[in-house]
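Asker: Take a look at the following structure, please.
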Amino acid sequence: MILECTRCEAIVDAEELHSYVDNDQGPPGKWTFCKCPRCTLPLVTVQTDYGGGYDEPERVFPATTRRLGYSVPEPIREAFNEAAICYRAKAYVASAIMCRKTLEGLCDANGVKERSLSSSLRKLKDNGTIEARLFEWAEALRTLGNEAAHGVSAAISPQDAEDILEFTEALTEYVFTYREQFERFKKRRNRRKKGLSDEDPEEIPF
């Protein structure tokens, strides 16, 4: 299994020691315990089957620098993961460009396909998908992504690259994870106020 060893700072063919499949909740997940053949560092990976077979192994221990939740669509997670890989490799311009691509995927996944990313982000604000402060974050990320993509002499500092990655993570998780989680929270509260259990199938509007 090809993995990145954080101790060796190298890509290695990790030795697989044990695997098991968890089918209890959500899509099946295959967990594998490995070790680095060079330094014997323990490595743990997970692969998820969304219906088309297991995806590529993702190292969960030692943890990666950034990781989006599974509520985020896979293409967007892959784009963000590449941004994180570029950041760890100190390829800060490439990381900023992939963060911009993550934003493009966010817009597309929410049915917004305007002529420019700027227009798409404004439409997300106008339709209530993101709020004013998040729109401000997204615009700053878009601007830096544009500079990285179109300026041959563009330079992104390590601190700016880290901030871009963090803001991209926060914005994406808000749209795909926390917003939906908060709506579920409100729905549970409304059900309880009406004397219903959380499991009651009756629909109650937000």
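The values are calculated or read from the model by the stated rules, or taken from the named source; none is laboratory data. The model shown is predicted, which means the values in this text are computed figures rather than measured ones. Glycine also receives a Cβ, built like all others from the backbone with ideal geometry; neighbour counts cover every protein chain displayed.
Asker: Tell me, please, whether a residue that is outside any loop (DSSP other than H, G, I, E, B), in contact with a Gly (Cβ under 9 Å, 6 or more places away or on another chain) and not assigned by TED's automatic domain parsing to the domain that holds residue 33 can be found in the stretch 119-137.
Answerer: As a first pass, look at the stretch 119-137 and keep what is outside any loop (DSSP other than H, G, I, E, B): 119-126, 132-137.
Among the residues that remain, those that are also in contact with a Gly (Cβ under 9 Å, 6 or more places away or on another chain) are: none.
So far as the stretch 119-137 goes, no, none of its residues is outside any loop (DSSP other than H, G, I, E, B), in contact with a Gly (Cβ under 9 Å, 6 or more places away or on another chain) and not assigned by TED's automatic domain parsing to the domain that holds residue 33.
Asker: Please go through (1) surrounded by 11 or more Cβ atoms within 10 Å (Cβ to Cβ); (2) assigned to a loop (DSSP other than H, G, I, E, B); (3) over 22 Å from the mean Cα position of the chain (by Cα) for residue 112 and return the number of the only condition it doesn't satisfy.
Answerer: It is condition (3) that residue 112 fails.
Asker: Of the numbered conditions (1) surrounded by 19 or more Cβ atoms within 10 Å (Cβ to Cβ); (2) closer than 14 Å to residue 175 by Cα, residue 132 satisfies every one except a single condition; which is it?
Answerer: Unmet for residue 132, out of (1) surrounded by 19 or more Cβ atoms within 10 Å (Cβ to Cβ); (2) closer than 14 Å to residue 175 by Cα: (1).
Asker: Moving on. Is there a residue in the stretch 69-91 that is closer than 19 Å to residue 3 by Cβ, surrounded by fewer than 17 Cβ atoms within 10 Å (Cβ to Cβ) and of a type in the set (A, V, I, L, M, F, W, C)?
Answerer: Among the residues of the stretch 69-91, at least one is closer than 19 Å to residue 3 by Cβ, surrounded by fewer than 17 Cβ atoms within 10 Å (Cβ to Cβ) and of a type in the set (A, V, I, L, M, F, W, C), which makes the answer yes.
Asker: What residue, among those in the stretch 161-206 that are aromatic (Phe, Trp, Tyr) and in the same structural domain as residue 107 (by TED's automatic domain parsing), is modelled with the lowest pLDDT? Steps first, answer last, please.
Answerer: Of the stretch 161-206, the ones aromatic (Phe, Trp, Tyr) are 167, 174, 176, 178, 182, 185, 206.
Imposing the further condition that a residue be in the same structural domain as residue 107 (by TED's automatic domain parsing) reduces the set to 167, 174, 176, 178, 182, 185.
Numbers: 167: 90, 174: 90, 176: 89, 178: 81, 182: 73, 185: 79.
Restricting to residues being aromatic (Phe, Trp, Tyr) and in the same structural domain as residue 107 (by TED's automatic domain parsing), the top hit is 182.
Asker: Ok, one more. Run down 92, 87 and say which single residue is modelled with pLDDT under 90 and either over 25 Å from residue 59 (Cβ atoms) or touching a helix residue (DSSP H, G or I) at 6+ places or on another chain (Cβ under 8 Å) (or both).
Answerer: Numbers: 92 fails: modelled with pLDDT under 90.
Step by step, each of 92, 87 is checked, and only 87 is modelled with pLDDT under 90 and either over 25 Å from residue 59 (Cβ atoms) or touching a helix residue (DSSP H, G or I) at 6+ places or on another chain (Cβ under 8 Å) (or both).
Asker: For the stretch 143-164, which positions are buried (at least 16 other Cβ atoms within 10 Å of the Cβ) and aliphatic (A, V, I, L, M)?
Answerer: Result: 144, 148, 156, 161, 164.
Asker: Also: Working only within the stretch 26-50, note down all residues that are surrounded by fewer than 12 Cβ atoms within 10 Å (Cβ to Cβ) and within 20 Å of the chain's Cα centre (by Cα).
Answerer: The answer is 26, and nothing else.
Asker: Hey, another quick one. If I filter the stretch 51-84 down to residues being at pLDDT 85 or above and among the aromatic types (Phe, Trp, Tyr), which single residue comes out as nearest to residue 144 (Cα to Cα)?
Answerer: Here the answer is 80.
Asker: Residue 102 passes all but one of (1) modelled with pLDDT of 90 or more; (2) not in a helix (DSSP H, G or I); which number fails?
Answerer: Single failed check for residue 102: (2).
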